[in-house]
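Asker: Below is one structure. I have some questions about it.
The values are calculated or read from the model by the stated rules, or taken from the named source; none is laboratory data. Since the structure is predicted, the reported quantities are computational estimates derived from the model, not experimental observations. All Cβ positions, glycine included, derive from the backbone under ideal geometry; neighbour counts span all protein chains shown. Keep in mind that these areas ignore ligands, DNA and RNA; they rest on the heavy atoms of the full protein, side chains included. Shrake-Rupley method; radii C 1.70, N 1.55, O 1.52, S 1.80 Å.
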Amino acid sequence: MNEKFCSFYNEKELKDGQVKRVSPGHSASYKNGGALMDFRGIPISALKTHDVLRALTAETNGWEPGVVSAEVLQAQEEWEAVDTIHPKAESWGCSDQPGQLISFGEALQHLQTLDLSSFKKRIQPTVRRTGLAALRHCLFGPPKLHQGLREERDLVLTIAQCGLDSQDPVHGRVLQTIYKKLTGSKLDCALRGDHWEDLGFQGANPATDLRGAGFLALLHLLYLVMDAKTLLMAQEIFRLSRHHIQQFPFCLMSVNVTRIAIQALREECLSRECNRQQKVIAVVNSFYAATFLRLAHVWRTQQKTISDSGFVLKDLEALAKKSPRRLLKTLESYLARASKGQASLLPQKYPGPQAPRASDLTFTGVCDLQPHSSEGAGLI
């Protein structure tokens, strides 16, 4: 508050709660040169209860300024605003202090504590087959998943039915972690904004791009960037997606890889490996990473561009379902060599100039393709 406006007579000159009239143009001191009292050390929120100021602002005192200066008007506006100042509600998408990173295990544990029964009702754990397709699958298809692993399988498919919840702080931490790990940023970012297009979402709101994969798509990205063995691979694929010629929307492509993993699980293509390892979530995570690795390898070595996306994903899905063990072995070999600095998806000076945003690209995903068989229709 203005120093001239906050200097007044000594309290001894106040009688019966009254104050003397202030002469026009004398806002710094009163007539007869009374002692000055400085209010600058008092918080503005406490000034309204001060006896002197209450007396000066009381309408019954009959005090009227002779000349109202611009400084006085500004001070009065600030004073009137004191009672209407309210703290802004904090959002998990943007805070003053950077949030902590979250691991895949912590995020999964949080989901297991929630009531997901309404989402579980929607799932179809296996693909329904009829006629010759059912007979062929029974005779020559993969083994059925062990009974003790079916609850874990259902959890994976249930998470794929869940959307992004803007009211859940854990969901926010998952997004923040993915953003920070891919960009190297130390600061949090907003829940919505153009920065998500830089990561390969098609719009400013990541929730709109999770069709067919749900929150499982974000969990897979989280697994990719938070596992020390796959982080380098994730960063290299992200760099490939930014190439000035071979660019593609990284996160949107990842969502499509998650869709392939979901369908492979439902068609029991992963049952043999799940039975062997006695795990489902770990196998699905590795299968997702292996499929993404295969996509990146084909994309780079065969000089694919965004116009090839639909065909690449279709061929990738067929290969992944037919030879999941082969993909997993390739991933294991790559990670073993990468840990020794002997493997890299990209040359040292890759990529070129920054790629356009995902919203500027025409992308064809798994859900946009015509299913090649009745068994492939429907992702979840």
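Asker: Pairs Lys181/Lys321; Lys229/Lys329; Lys279/Lys329; Lys279/Lys314; Lys180/Lys279: which exceed 20 Å Cα-Cα? Before the final figure, lay out each step's value.
Answerer: Working: Lys181/Lys321 30 Å; Lys229/Lys329 15 Å; Lys279/Lys329 17 Å; Lys279/Lys314 27 Å; Lys180/Lys279 29 Å.
Distance filter (> 20 Å) returns Lys181/Lys321; Lys279/Lys314; Lys180/Lys279.
Asker: Within the set of other residues whose C-beta is less than 12 Å from the C-beta of Leu316, count the net charge using Lys and Arg as +1 and Asp and Glu as -1.
Answerer: Summing Lys/Arg as +1 and Asp/Glu as -1 gives +3.
Asker: Whole-Hz ³J(HN,Hα) for each residue in segment 115-125, computed from phi via Karplus 6.51 cos²θ - 1.76 cosθ + 1.60 with θ = phi - 60°, x for glycine and proline: what do you get?
Answerer: 8, 9, 4, 5, 6, 5, 5, 7, 6, 10, x
Asker: Three principal axis extents, largest first, for the C-alpha atoms of segment 193-293, in Å?
Answerer: 42, 27, 23
Asker: Express the accessible area of segment 120-246 per residue in Å², computed with a 1.4 Å probe while the remaining protein chains stay in the model.
Answerer: The answer is 47 Å² per residue.
Asker: Right, here's the next one. Convex hull over the alpha-carbon atoms of segment 104-184: what's its volume per residue in Å³?
Answerer: 150 Å³
Asker: What number comes out for the charge environment of Leu327, summing +1 per Lys or Arg and -1 per Asp or Glu over other residues with Cβ under 11 Å away?
Answerer: Net charge around Leu327: +4.
Asker: Write down the radius of gyration of segment 108-152 and its Dmax, each obtained from C-alpha positions, in Å.
Answerer: 14.9, 43
Asker: Taking 0.36 nm per intervening residue step and subtracting the Cα-Cα distance, what contour gain separates Arg150 from Gln100 on full extension?
Answerer: Length gained, Arg150 through Gln100: 14.7 nm.
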